[in-house]
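These notes are about the structure you will find just below.
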Amino acid sequence: MIRFILADIRRFRAGALAVVVLIALSVALCTVVTLQERAVRLGSARAAEKFDLVVGAAGSETQLTLSAVFLQPAPLPLMPGAVLAKLAADPRVAFAAPVGFGDSASGFPVVGTTTTLIASLSPQLAEGRAFARLGEAVLGAEVPMPGGAEIKPMHGTAETGGHTHTELAYTVTGRMAPTGTAWDRAILVPIRAVWQLHGMEGDHDEHDEHDHGDHAFEADESEAHHEHGHVDPAAPIDERFDADMPGLPAVLVKPKTIADAYRLRQEYRGETTLAVFPGEVLTRLYATLGDMRSLLLAIAVGTQAIVVAAILLVTIMHVGARRRQIGALRALGIPKRSIVVIVWGELFLLFAAGAALGISGGYAAARLISALLTARTAVRLPVEFSAADLPLALGIGLAAALVSLVPALVALRSSPAEALRA
Amino acid sequence: MLSLSIRDLEMRFPGLETPALAIGNFALPAGGRLAVTGASGSGKSTLVNAITGLERVKSGAIRWDETDIAGLPSGRRDAFRARHIGLVMQDFHLFPGLSAFENVVLPVRLARRLARPEAERAAMLLDTIGIRRPQQAIETLSRGEMQRVAVARALLSRPGVLVADEPTANLDRRTGDEVADLIIRLAAEEKATLIVVTHDPQVMERLDRRIRLSGGRIDEDSAGTPQT
Ligand SMILES: Nc1ncnc2c1ncn2[C@@H]1O[C@H](COP(=O)(O)OP(=O)(O)OP(=O)(O)O)[C@@H](O)[C@H]1O
Ligand SMILES: [Mg+2]
């Protein structure tokens with residue numbers, strides 16, 4: 001039986017190949033959409049779970065989350081430095097780490113923060129030690145620079161036309177262990193170095209505070225408004241913060257208990273500040289993404305239906321052309337069930353081959369896309385199948401099995417004599 | 001060996017005023033050897049289709065021994081044909097992509113497991129008909145060889161009757177004679193009733209009995225007066 005089916009497929013190999021490729025493409029499309037959506041969702045949920053609460057200046061929750069979780073270079077409004085001091089002193093807070101964005105080096109974001117955050121992201125450094133002086137830096141696991149390297153930060157990014165800070169070069173003292181988050185591509189430096197580099201520290205009068213109020217770290221800031229301070233790279237870092245600190249875009253907070261987390265969020269949602277659970281914001285974002293996925297999947301399934309219909313048409317025509325052959329089989333007294341199995345089996349074999357190719361191709365494509373995205377953002381996007389895919393796969397399999405039955409049944413409608421005359 | 005008896009058979013096709021075939025009474029004893037002749041369109045193939053169960057018969061009876069094939073549903077007709085009737089057609093209806101041997105055993109293989117004795121018999125039949133390389137791909141055989149393979153296939157399951165519809169029409173004179181020879185010889189050896197549709201006087205001569213169809217009726221029967 002299988003020999004006969006294979007001999008037959010060999011005879012129509014061009015057509016068979018076309019059918020397999022068509023099915024493989026449409027199945028691959030479905031697979032990629034499903035896997036990729038899941039990868040993005042899982043990957044960023046994992047990236048977000050490091051920080052329970054993010055506090056920033058009043059503005060967009062989404063932007064604050066994306067900047068804090070993905071270190072996306074976007075101009076964030078600044079909030080008063082006193083917020084950091086208040087949070088750091090709060091007994092409900094396990095730790096509060098400031099983050100200052102805006103600079104980059106060789107395309108990697110330079111983030112000003114404290115050693116607390118380094119200890120939280122990577123309790124055990126992969127290499128070296130944390131920074132202890134203003135002119136020192138710790139690398140994320142995936143920043144391809146050697147220990148001891150000199151880093152010249154650039155204001156903004158090269159693409160947005162930033163300029164290099166010539167006043168200071170950081171020296172790399174350590175490297176964090178991989179975290180699977182955007183921080184793997186970050187260069188962590190002392191927050192005070194960032195402040196001083198941008199001329200913000202020790203200059204706390206109202207005027208200056210205001211001057212830096214909205215756009216302090218923006219790349220498109222004009223030179224005239226931009227003062228550069230001088231930084232002493234050998235000065236030891238000071239991580240005690242008081243109410244006189246300059247403005248900063250965000251503080252990452254680890255509350256002691258869940259109840260504390262909710263209370264803190266409540267308290268810091270106000271006129272000037274905004275507090276968000278990044279996980280929650282991302283979930284809301286993915287609800288939209290989920291809708292997108294449904295839409296894409298509907299399109300993919302639609303394509304699939306069209307492909308199946310086209311294949312059905314082809315096979316019915318094919319069976320028409322094969323009526324003589326089927327007539328001959330029946331003239332030889334071969335039972336109808338065997339003929340059904342042959343015609344059905346041949347088609348189903350093509351369907352199955354196409355589906356197998358499509359699923360593995362789709363998986364490979366999703367892996368590739370994830371790898372590309374990871375290379376750019378350092379956020380690990382896990383491509384994996386889940387039990388939720390099973391009903392869809394079974395459904396498609398069942399539909400294919402039923403559809404393949406149609407030509408077989410069509411083939412048996414006429415008498416063998418009629419079929420032989422065809 | 002099977003005997004054939006036909007009663008009040010009438011085959012009509014839509015769009016035809018007169019029946020394509022009308023046979024009131026006809027009998028062929030077991031082991032009989034019958035030649036069927038007649039002009040083109042006289043109903044020869046229609047007769048073959050009716051007695052082999054390839055076409056549904058709506059009126060009349062066609063009895064092979066005790067089985068009225070006209071009364072059977074199509075599935076049972078297929079099964080009866082597989083078991084009792086060896087069929088050789090004008091176009092050989094062999095299956096490309098398979099070897100000569102595989103073509104001979106195909107009807108058995110697609111219906112059930114091929115048993116050892118059947119495989120041996122297939123090899124023996126191929127040897128008898130003069131196919132020296134049973135594994136040769138079927139599409140590389142000569143036309144004469146192809147039709148001989150078709151004869152071997154028809155005989156594999158020891159049918160009680162061998163029916164051939166113009167088996168030599170697609171072959172040249174000499175090859176045709178060889179194939180006709182083979183059919184007559186093997187039908188005798190296998191003790192099968194033989195019915196051959198043919199235009200070849202030489203073939204007719206070698207069979208015991210000859211009927212001629214005209215307009216769907218038997219207008220000449222070498223065994224006696226034609227019945228209507
Ligand atoms: N399915 C059909 N529908 C309509 N008419 C048919 C059908 N099958 C056969 N006929 C008609 O029945 C008549 C007998 O046809 P048949 O094929 O039996 O002739 P034949 O004797 O075998 O001819 P040939 O020697 O050319 O093979 C013809 O007139 C043919 O047109
Ligand atoms: Mg004919």
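Rounded to the nearest 0.05, what FRET efficiency is calculated for B:S40 and A:R376 with R0 set to 56 Å and r the Cβ-Cβ distance? Computed FRET efficiency for B:S40 and A:R376: 0.10.
For chain A, the longest principal axis of the C-alpha atoms and the axis of helix A:13-48 are separated by about 30°. Once the convex hull of all Cα atoms in region B:145-228 is built, its volume per residue stands at 106 Å³. Working note: 222 nm ellipticity from helices only, DSSP H runs with n ≥ 4, each -39,500 (n - 2.57), summed and divided by the residues of chain A, gives -17500 deg cm²/dmol to the nearest 500.
Farthest toward the dipole's positive end in the protein assembly as shown, which of A:V93, B:G215, B:Q202, given Cβ charges of +1 (Lys, Arg) and -1 (Asp, Glu) about the Cα centre? Value computed over the given set: B:Q202.
Summarising the label geometry, the points placed 7 Å from Cα in the beta-carbon direction at A:L6 and A:L42 lie 3.7 nm from one another. Computed about its Cα centre, the charge dipole of the protein assembly as shown is approximately 5680 debye, with only Lys, Arg, Asp and Glu carrying charge at their Cβ. Restricting the calculation to Cα atoms, chain A shows an Rg/Rh of 1.22 when the hydrodynamic-style radius is the Kirkwood one.
Taking other residues whose beta carbon is less than 14 angstrom from the beta carbon of B:E10, and scoring Lys, Arg as +1 and Asp, Glu as -1, yields +2. The residue among A:L64, A:Q36, A:P123 whose Cα reaches farthest toward the positive pole of the charge dipole of region A:1-145, with charges on the beta-carbon of Lys, Arg, Asp and Glu, is A:Q36. Each residue, A:K152 and A:R269, gets one label point 7 Å from its Cα in the Cβ direction; the gap between the two is 4.7 nm. The phi torsions of region B:60-75, fed into the Karplus equation with coefficients 6.51, -1.76 and 1.60 and a -60° offset, translate into couplings of x, 10, 10, 9, 9, 6, 9, 8, 8, 5, 5, x, 8, x, 4, x Hz, rounded to whole numbers, with Gly and Pro shown as x. Amide H contacts of A:A149 (H built 1.01 Å from N, in plane; Pro and chain starts excluded): A:V172 sit under 5 Å, all sequence-distant by 5 or more or on other chains. Taking 7 Å steps out from each Cα toward its Cβ at B:D68 and A:S414 produces label points 2.9 nm apart. The value of relative contact order for chain A, using C-alpha pairs under 8 Å at least six residues apart, is 29 percent. Which FRET efficiency value, to the nearest 0.05, do you get for B:A223 and B:M1 by plugging their Cβ-Cβ distance into 1/(1 + (r/R0)^6) with R0 = 25 Å? In this case the efficiency is close to 0.90. Using +1 at the C-beta of Lys and Arg and -1 at the C-beta of Asp and Glu, which of A:F348, B:I69, A:V189 has the Cα lying farthest in the positive direction of the dipole of the protein assembly as shown? Going by the charge dipole, the pick is B:I69.
Rounded to the nearest 10 degrees, the angle from helix A:278-321 to the longest Cα principal axis of chain A is 20 degrees.
Extension gain for A:A177-A:D232 works out to 17.0 nm (0.36 nm per residue, less the C-alpha to C-alpha distance).
Mean partner shielding of peptide A:416-422, defined as the number of other chain Cβ atoms within 10 Å of each residue Cβ, is 5.
For B:A164, the residues whose modelled amide H falls within less than 5 Å of its own, excluding neighbours fewer than 5 places apart on the same chain, are B:V88, B:I195, B:V196, B:V197.
Using the Cβ-Cβ distance between A:R337 and B:A27 with R0 = 35 Å, the FRET efficiency computed as 1/(1 + (r/R0)^6) comes to roughly 0.50. Helix A:389-411 and the longest principal axis of the Cα set of chain A meet at an angle near 20°. In a simple Cβ point-charge model (Lys, Arg +1; Asp, Glu -1; nothing else charged), region B:1-146 has a dipole of about 280 debye relative to its Cα centre. Electrostatic tally near A:I326: other residues with Cβ closer than 13 Å to its Cβ, Lys and Arg +1, Asp and Glu -1, net +3. Among the lysines of chain A, pairs that are 8 or more positions apart or on different chains and have alpha carbons within less than 17 Å of each other number 4.
Subtracting the Cα-Cα distance of A:T288 and A:V406 from their residue separation scaled by 0.36 nm leaves 38.5 nm. Charged side chains reduced to their Cβ positions (Lys and Arg at +1, Asp and Glu at -1) give region A:263-422 a dipole of some 580 debye around its Cα centre.
Read-outs throughout are calculated quantities, based only on the coordinates presented, and are distinct from any laboratory measurement. Keep in mind the model is a prediction, meaning the values are calculated, not measured. No Cβ is skipped: glycine too gets one built from the backbone with ideal geometry, and neighbour counts run over all protein chains shown.
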